[in-house]
Amino acid sequence: MNYSTLGEAIAARRSSSRAIHFIEGENDERALPFAQIYDRAIGLLHHFQERGADAGSELVLLLDSNQQFVDSFWAGVLGNLILVPLAPGATDKQRHKFFRVLRKLKRPHLCTDRKIFARLSAFAAEHGLTTELERIKPATVFLDQIDDISRPGRIHAARPDDIAFVQYSSGSTSEPKGVILTHRNLTTNIEAIVRGIDLQPSDSGLSWMPLTHDMGLIGFHLTPFLADVT
């Protein structure tokens, strides 16, 4: 494993025989082959770019579905977007966090679905935030309205020191604080994890942690993906 950016990693995984398995219940398990992630991501990137998300724009990921999160995350990587993963949540604290983070972003776009957006709209109406939500609506991609990802987006290759994503603190007692993670930060950290735990091709990982959490995203998605481990 020798990647300087996440974009290099997803390109390499196009020839992989491994897969992510999403276990949603006792009788609900779906496999997403690593080799399909690139094509799904580049098709979704087209829709982000149609909404004006170009290289360097921030893209807030506000999604319940893990598979939609994976697709959207890698679409952002291929477009060199600055990803901002947030838990959609069901509490007022988490919804307040969304609006606080939104105010900190320079060129924000939003990736979500209509159900989550409707909950945000109701919250915004109660707290005098409707104007802020309406401002980002034209830059919002509703994944549940997309039924065609056959048209590829335009790839913008990231440099190692470009920002890959920003991880925001909970902000439970103060304003959320963003930790900036570059492609170099991530690939260096992941290489250290792989060496530290002696990750082998025969290994498998299992996680219940949300992908909006740094351990869930870096430890249990990016690390096995870059190491080509199921």
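Once backbone amide H atoms are built at 1.01 Å from N, ILE82 has GLY56, SER57, GLU58, LEU59 as its partners under 5 Å, excluding neighbours fewer than 5 places away on the same chain. With contacts taken as Cα pairs under 8 Å at a separation of at least 6 residues, the range 1-121 carries a relative contact order of 23 percent.
Taking 8 Å as the Cα distance limit and 6 or more residues as the minimum spacing, I'd like the relative contact order of the chain as a percentage. About 23 percent, as a whole number.
The heavy atoms of GLU29 present about 110 square angstrom of accessible area, all protein chains included, probe 1.4 Å. HIS109: accessible area at probe 1.4 Å, nearest 10 Å²? The value for HIS109 is about 20 Å². Total Lys pairs in the chain closer than 18 Å by alpha-carbon, pairs eight or more apart in sequence or interchain only? Eligible lysine pairs with Cα atoms under 18 Å apart amount to 10. The value of relative contact order for the range 110-230, using C-alpha pairs under 8 Å at least six residues apart, is 17 percent.
Backbone N atoms of the range 56-91 closer than 18 Å to the 7 Å Cα→Cβ label point of GLU132 belong to residues 58-63, 84-91.
So for the chain: antiparallel DSSP bridges make up what percent, rounded to the nearest 5? Roughly 50 percent of the DSSP beta bridges within the chain come out antiparallel.
So between ASN189 and ASP214, what do we pick up on full extension, going 0.36 nm a residue minus the alpha carbon distance? Length gained, ASN189 through ASP214: 7.8 nm. A value for percent of Cα pairs over 27 Å apart was derived from the coordinates, and within the list (i) 31; (ii) 49; (iii) 45 it appears as (i). The figure for ASP39 is an accessible area of roughly 90 square angstrom, using a 1.4 Å probe on the protein chains alone. Here the simple spin-label model places points 7 Å from the Cα toward Cβ, and for ARG151 and LYS106 these points are separated by 2.9 nm.
Taking the chain as a Gaussian network of alpha-carbon nodes connected by springs under 10 Å, the highest mean-square fluctuation of the residues LEU133, LEU83, LEU45 belongs to LEU133.
Close amide H contacts of ALA164 (hydrogens built in the peptide plane, cut-off under 5 Å, sequence separation of 5 or more or a different chain): LEU181, THR182, HIS183. Applying the Karplus relation 6.51 cos²θ - 1.76 cosθ + 1.60 with θ = phi - 60° to the range 153-162 yields 3J(HN,Hα) values of x, 9, 6, 10, 5, 7, 9, x, 9, 6 Hz, where x marks Gly and Pro.
The values are calculated or read from the model by the stated rules, or taken from the named source; none is laboratory data. For clarity, every value in this text was computed on a predicted model and none was experimentally measured. Methodologically, a virtual Cβ is constructed for each residue, glycine included, from the backbone with ideal geometry; neighbour enumeration extends over all protein chains shown. All accessible areas refer to the heavy atoms of the entire protein, side chains included, with ligands and DNA or RNA removed. Shrake-Rupley method; radii C 1.70, N 1.55, O 1.52, S 1.80 Å.
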